[in-house]
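The values are calculated or read from the model by the stated rules, or taken from the named source; none is laboratory data. Quick caveat, the model's predicted, so the values are computed rather than measured. We place every Cβ from the backbone using ideal geometry, glycine too, and count neighbours over all the protein chains shown. Ligands, DNA and RNA are stripped out before the accessible areas are found, and what is left, the full protein with its side chains, is counted by its heavy atoms. Shrake-Rupley method; radii C 1.70, N 1.55, O 1.52, S 1.80 Å.
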Amino acid sequence: LGTALGILLAGAATAQGGTDDCVAPTILPGEGSYTFDTTNTQESSDYTEGTCADGDNTGSNYTGGFNHDKFWVFSVGAAGNLTIDTVGTPWDTDLAIYSGVDCSATCVVEDGDSGGNLNSSVVIPSVSIGDTFLIQIGGFAASEFGSGLLNIDVGLTASGPCDSGTTISGLGAFAWDSTGVISSGFVGDGGNCSGGVNQDVFMQWTAPVDGDYEFDTAGTAHDTIMAIYSGIGCAATCIDWNDGSHGVHSTTFAYGLAAGDPVLIQLGGSSGNEGPGVLNILTTSIGNATCPGVVNSTGVGANLVGFGTNVATDNAFGLLATNLPANQLGYFIASKGSGTPVVVPGSVGTLCIGGGQAIARFVAQSVGYSNAIGNFKVMLDLTTVPLPPPMAGAIVGGETWYFQQWGRDDLSGTPTLSNFSSGLEVLFQ
């Protein structure tokens with residue numbers, strides 16, 4: 001098998017073995033695919049990860065330590081978007097790219113498994129003629145070494161997969177497939193989307209009517225990452241990004257869209273996951289607002305909306321709280337009654353549900369933390385409403401229920417302080 005692999009690789013590319021240290025790396029003649037072999041290479045004691053020492057140690061960008069590493073230098077011959085990957089290498093690679101020609105080079109980007117099948121892939125946008133990069137490839141673990149492929153390509157236009165997304169319309173479920181796709185490196189204008197999406201595919205969608213919308217990957221079998229952008233193609237700017245905050249599925253939101261607003265949707269996998277998936281697009285406008293949320297440490301009050309369906313027998317109703325302090329514990333509460341807002345001891349917020357009726361605390365179903373952008377979303381089980389015994393039961397058609405989110409606000413400066421979201425009234429059918 002090893003001999004056959006060597007023959008296959010040699011037939012596909014030019015041999016450019018790389019050097020065992022960063023002092024005098026192998027100079028590559030240009031773009032193309034190059035074979036190399038790290039079987040007898042040692043880990044570089046002077047440059048194990050250089051200035052690309054891993055910062056997050058999570059997901060597909062995690063690098064294990066560049067075992068048995070080799071070095072090359074590549075000079076850009078044409079302006080465009082530079083893609084460097086190890087696709088076709090039969091072992092788990094780590095890849096780091098530095099600006100420079102030797103051990104004094106500074107980190108640009110590193111990657112673990114964004115190329116799929118434990119291969120690495122990076123995209124450096126908008127490189128110029130004469131830009132020079134030091135390339136480092138090694139194994140994720142000491143047992144990962146052997147014959148491999150280094151692939152280098154400069155796209156001569158500023159466009160990419162983000163300019164050729166599948167056009168979709170309306171609400172509902174849409175199929176996508178990332179099998180064998182190489183990561184584009186697209187992050188729009190950065191911001192909350194700077195985390196990127198691995199092995200990504202794109203869809204272009206237009207809001208059918210004014211409103212708030214949810215985009216999620218529920219129904220997809222593998223771990224997903226997704227991002228949504230305002231605009232068309234590669235010029236679109238970041239709206240929201242999510243790396244599976246609800247299990248393996250990702251959920252993003254766009255608020256205040258007007259009919260005709262274009263949205264670019266980017267879908268992919270986490271930690272090298274790939275395959276067919278489902279994109280769901282739905283509105284988040286179920287119910288009517290009641291009392292407003294009191295200002296929290298973000299400077300605004302938390303807002304609560306319903307999404308899914310208010311048909312009780314469908315049991316597909318969820319709650320989304322936004323404008324929460326980031327990474328704070330909380331859960332949802334509900335009652336058949338609504339009342340005059342009252343301040344609860346220990347809270348700066350007001351409780352406006354109850355009004356003499358019992359209050360259900362969805363602790364088991366919904367307790368959790370708001371995400372990094374202050375969102376907290378849960379699908380409720382309408383067949384099991386945790387009212388005090390013996391009143392526990394189900395939500396049925398014809399009933400009106402009132403909801404709020406309760407949560408901590410440690411960022412306020414008082415660790416035990418809490419607050420409530422706005423209230424939401426929902427008539428179930």
proj_area_mean for the stretch 198-291 (convex hull on C-alpha atoms), units nm², value 6.7
Per the stretch 268-376, sqrt(5λ) over the Cα gyration tensor eigenvalues, sorted largest first, in Å, gives 28, 19, 13
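Against the empirical 2.2 N^0.38 Å scaling, what ratio does the C-alpha Rg of the stretch 320-429 come to?
On the way: Rg = 13.8 Å, N = 110, 2.2 N^0.38 = 13.1 Å.
The stretch 320-429 yields a ratio of 1.06.
So what is the relative contact order for the stretch 320-429, in percent, with contacts set as C-alpha pairs under 8 Å and at least six apart? Can you show the working numbers first?
Numbers: 259 pairs, mean separation 35.9, N = 110.
It rounds to 33 percent for the stretch 320-429.
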Mean separation of Cα contacts under 8 Å (at least 6 apart) over the residue count of the stretch 290-340, i.e. the relative contact order in percent, is 28
In degrees, nearest 10, the alpha-carbon axis of helix 2-12 is tilted away from the dominant principal axis of the alpha carbons of the chain by 90
What the 5 Å binned alpha carbon P(r) of the stretch 73-203 shows, as percent of pairs per bin from 0, is 2, 10, 18, 20, 20, 15, 8, 4, 2, 1, 0
Taking protein heavy atoms only, a 1.4 Å probe, and rounding to whole percent, the accessible area of the chain owed to carbon and sulfur comes out at 56
PRE zone check, label point 7 Å out along Cα-to-Cβ of THR167, amide N under 19 Å, scope the stretch 252-285, hits 259-266
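Could you provide, to the nearest whole Å², the per residue accessible area of the chain with probe 1.4 Å? If you can, show how the numbers build up before the last one.
On the way: 17390 Å² over 429 residues.
In whole numbers, the chain has 41 Å² accessible per residue.
So what's the back-of-envelope 222 nm ellipticity for the chain, counting only DSSP H runs of four-plus at -39500 (n - 2.57) apiece and dividing by all residues, rounded to 500?
-1000 deg cm²/dmol
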The correct pair for the stretch 201-357, radius of gyration to one decimal and Dmax as a whole number, both in Å and from Cα atoms, is 17.8, 54
Plugging the Cβ-Cβ distance of VAL367 and ALA221 into 1/(1 + (r/R0)^6) at R0 = 30 Å yields, to the nearest 0.05, a FRET efficiency of 0.65
Expressed in square angstrom to the nearest 10, the accessible area of TRP406 with a 1.4 Å probe stands at 50
Computed from every Cα-Cα pair in the stretch 62-138, P(r) in 10 Å bins starting at 0 and rounded to whole percents is 20, 53, 25, 2
Karplus-derived 3J(HN,Hα) from phi for the stretch 326-342 (6.51 cos²θ - 1.76 cosθ + 1.60, θ = phi - 60°), whole Hz, x at Gly and Pro, runs 5, 6, 10, 6, x, 7, 9, 10, 8, 7, 7, x, 10, x, 5, x, 10
If every Lys and Arg gets +1 and every Asp and Glu gets -1 at its Cβ, then about the Cα centre the chain yields a dipole, in debye to the nearest 20, of 1600
With no solvent term and unit scatterers on the alpha-carbon positions of the chain, Debye gives log₁₀ I(q)/I(0) at q = 0.13 Å⁻¹ of -1.06
Here the relative contact order (percent) of the chain, from C-alpha pairs under 8 Å and at least 6 apart, is 12
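Can you give the FRET efficiency to the nearest 0.05 for ASP314 and ASP102, using r as the Cβ-Cβ distance and R₀ = 41 Å?
0.05
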Distance in nm between ALA258 and ASN40 label points, each 7 Å along Cα→Cβ, equals 6.9
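Which three semi-axes in whole Å describe the equivalent ellipsoid of the stretch 339-400, each the square root of 5 times a Cα gyration tensor eigenvalue, listed largest first? Before the final figure, lay out the partial values.
Values: eigenvalues 95, 74, 25 Å².
Output for the stretch 339-400: semi-axes of 22, 19, 11 Å.
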